[in-house]
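Scroll down for the structure; my scribbles are underneath it.
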Amino acid sequence: MIKYATILLLFVFTAIVPAHARKIENTEQLISAMHKKYAGKWYKTLIFAQKTTTFKPDGTEENGIWYEALSMPGKLRVDYDPLASGGGVIYAGGISNSFKDGKLIASRPVEHALLVLGFDVYFQPVETTLAQIKKMKVDASVLREDKWQNRDVYVVGARAGDLRSPQFWIDKKNLYFVRLVQPVGKDGANIQEIEFNKYEKVKGGGWIAPEVVFIVNGKRTFLEEYYGIRTGIPLDEDLFDPNKWMTVDRNYFHKK
């Protein structure tokens, strides 16, 4: 009788332990834990401006301003300053649409890893995120623990010491995305690293990393620094319609 009661208590305890508090042993459990931890607690829309810095091979820098609007899951709009230039990008429905001088110049399917792992994972079904990870060519069968910037992290896609295979890193405590490593360029000859840094809690729930760093073959190539961050702002769905690129009100960042 005592043995039966002990087993019953263990069963009850296991059942009530939150999913994100249990030991994570595979990628599906990790994505599920990320989704559950912030279900209904993460902002659905995000507006910000960013200062961009391009670090050129000759040592010089080029600066710019971009305005961005996100609607989760899966929608991102970027307008280049000045707005009158008509340049920017819309990512929606798995398609990246690029604009110049107010006209569409290219459309192509893209698995936007930063959007998926940094934002969409908290809104869409776990199965959807796992399918997108597969398209990123990340080996989801490989999961390990490591350290990143003095914090515990999960690493998906690569074993210890492997910084060439496609992989992403997730903060263990807060379950947010911090690092992506992937081969780029012709035949994957170059290695790109993207970091989400300096995370801040957002009023109303969720987090934002106001610094994003791009590194190729160990050298910093591009820097994004966010400001004017606002969440929970109603966004016109036309902002994410490529057919309405120039006809929609593009001054969304400056609105109160």
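The values are calculated or read from the model by the stated rules, or taken from the named source; none is laboratory data. Not measured: the values here are computed from a predicted model. Here Cβ is always computed from backbone atoms with ideal geometry, including for glycine, and neighbour counts include all displayed protein chains.
Odds and ends about this structure:
- Residue, farthest from Ile191 (Cα to Cα), within region 154-170, restricted to residues that are aliphatic (A, V, I, L, M) and surrounded by fewer than 19 Cβ atoms within 10 Å (Cβ to Cβ): Ala160
- Residue in region 134-148 that is in a helix (DSSP H, G or I) and over 30 Å from Asp58 (Cβ atoms) present: yes
- Residue in region 107-114 that is touching a residue at least 40 places away in the same chain (Cβ under 8 Å) and closer than 26 Å to Tyr38 by Cα present: yes
- Residue satisfying condition, being modelled with pLDDT of 95 or more and farther than 30 Å from Gly64 by Cβ, within set Val116, Val126, Val89, Val121: Val126
- Among (1) assigned to a helix (DSSP H, G or I); (2) of a type outside the set (Asp, Glu); (3) modelled with pLDDT of 95 or more, the one test that Gln192 misses: (1)
- Exclusive hit being modelled with pLDDT under 95, out of contact with any Leu (no Cβ under 6 Å at 6 or more places or on another chain) and crowded, with 16+ Cβ neighbours inside 10 Å, set Val202, Val212, Val178: Val202
Residue-wise test of (1) under 23 Å from Lys100 (Cα atoms); (2) loosely packed, with under 13 Cβ neighbours inside 10 Å; (3) touching a helix residue (DSSP H, G or I) at 6+ places or on another chain (Cβ under 9 Å); (4) touching a residue at least 24 places away in the same chain (Cβ under 8 Å).
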position	(1), (2), (3), (4)
Gly232	no, no, no, yes
Phe240	yes, no, no, yes
Val248	yes, no, yes, no
Asn251	yes, yes, yes, yes
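- Failed item in (1) in contact (Cβ under 8 Å) with a residue 60 or more places away in the chain; (2) in contact with a Lys or Arg (Cβ under 7 Å, 6 or more places away or on another chain), with Ser96 passing the rest: (1)
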